[in-house]
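The values are calculated or read from the model by the stated rules, or taken from the named source; none is laboratory data. Keep in mind it's a predicted model, so treat the numbers as computed, not measured. A quick note on method: Cβ atoms are made from the backbone with ideal geometry, for glycine too, and the neighbour counts reach across all protein chains shown.
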């Protein structure tokens, strides 16, 4: 299964990725980590980034 | 395109290895100057991620060479990276355009970013800004240009992060306000 993980802003998401963000009631300017797993049809996992993205990444790398 | 039919050049930040090391430094520096560089580097890195997050995929606000990025990655996570460290580097790589073209891949980390700057300046609608925290970067760039022509001028700006920060604040005020709010949000929670 191919995996892609990148930081996007909620307001640029479309389709099922946007639906995932809406389920979590995220604001248009929220930053999210979008994990795309591709088996046949891509699946999108959306995780909100709290605070600034550099601190988020550094904290995540230590977890 | 403006009224005269001239296409407006977008800015693109060309990142040197010193920028990555300062922005992703784990410990807050004690030395005053190093602390200022760390704060500005963090700010610029956050701005890059913030702006890239709303760019169409395939467009880039920041660029570097494969050798610069690999140098950073290997120092960041060491020889035996954890899965989370590898993932962090992959996420960062997706916020920055990393060039591994044959014309760049064999060059030193210094020359690779200078070649990227010159290529962007000469054959695209980007205005490159070389961002480096190494004080001798301008001299290195001059040496690089003077090898071919002793009278050649560096055609693009070279900024330290401390110089780049106010420039970027003037250029992207709304986005910078958002970056400040996110940094403040984290420090107050």
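Overview of results
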quantity	calculated
The listed residue being under 19 Å from residue B:109 (Cα atoms) and exposed (fewer than 14 other Cβ atoms within 10 Å of the Cβ), out of B:86, B:80, B:75	B:75
Residues satisfying the stated conditions in segment B:90-115, i.e. touching a strand residue (DSSP E or B) at 6+ places or on another chain (Cβ under 7 Å), closer than 26 Å to residue B:136 by Cβ and outside any helix (DSSP H, G or I)	B:96, B:97, B:98, B:99
So residue A:11, is it surrounded by 14 or more Cβ atoms within 10 Å (Cβ to Cβ), more than 30 Å from residue B:75 (Cβ to Cβ) and either modelled with pLDDT of 95 or more or facing chain B (nearest Cβ under 9 Å) (or both)	yes
Qualifying residue in segment B:145-155 (condition: in a helix (DSSP H, G or I) and at pLDDT 90 or above)	yes
Residues that are farther than 19 Å from residue B:51 by Cα and either part of a helix (DSSP H, G or I) or within 14 Å of chain B (Cβ to nearest Cβ) (or both), drawn from segment A:22-33	A:22, A:23
Pick from segment A:39-55, criterion touching a strand residue (DSSP E or B) at 6+ places or on another chain (Cβ under 8 Å) and not in a loop (DSSP other than H, G, I, E, B), ranking: nearest to the other protein chains (Cβ to nearest Cβ)	A:53
Condition check for residue B:73: within 24 Å of residue B:159 (Cβ to Cβ), within 12 Å of another protein chain (Cβ to nearest Cβ), assigned to a helix (DSSP H, G or I) and modelled with pLDDT under 95	yes
Test: residue in segment B:145-160 that is within 28 Å of residue A:59 (Cα to Cα), touching a residue at least 60 places away in the same chain (Cβ under 8 Å), surrounded by 12 or more Cβ atoms within 10 Å (Cβ to Cβ) and within 14 Å of chain A (Cβ to nearest Cβ)	no
